[in-house]
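Below is one structure, written out as structure tokens; the observations come after it.
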Amino acid sequence: MTGADWVGLSITVVVFLGMLITFYLALRPSKRDEMEKQKYRILEDEE
């Protein structure tokens, strides 16, 4: 593999792991109540 291949592979792995961590932190069970409160917020009128 060339240097460019290794750089591309490294970037892909880092982005994938970053997405996994982000989804875990956003969707973990302890945040379920907070997320449920926000579920229909966009549909509510806040004027």
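The values are calculated or read from the model by the stated rules, or taken from the named source; none is laboratory data. Because the structure is predicted, anything quoted here is derived from the model rather than measured. Side chains included, ligands, DNA and RNA excluded: accessible areas come from the protein's heavy atoms. Shrake-Rupley method; radii C 1.70, N 1.55, O 1.52, S 1.80 Å.
Before moving on, here are some points about what is shown:
- From helices alone, the chain scores -22500 deg cm²/dmol at 222 nm; the rule is -39500 (n - 2.57) for each run of n ≥ 4 DSSP H residues, then divide by the residue total.
- Of the solvent-accessible surface of the chain, computed with a 1.4 Å probe and all protein chains present, 65% belongs to carbon and sulfur.
- Accessible area per residue was computed with a 1.4 Å probe on protein heavy atoms; residue 34 scores about 100 Å².
- Largest first, the residues 30, 10 sort by 1.4 Å accessible area into 30, 10.
- Solvent accessible area, Å² - residue 1, 1.4 Å probe, full protein context: 150
- Within the full protein context, the accessible area of residue 27 is estimated at about 120 Å² for a probe radius of 1.4 Å.
- For the pair residue 45 and residue 28, the difference between a 0.36 nm per residue extended length and the Cα-Cα distance amounts to 3.3 nm.
- In the context of the full set of protein chains, residues of the chain present 101 Å² of accessible surface per residue (probe radius 1.4 Å, heavy atoms only).
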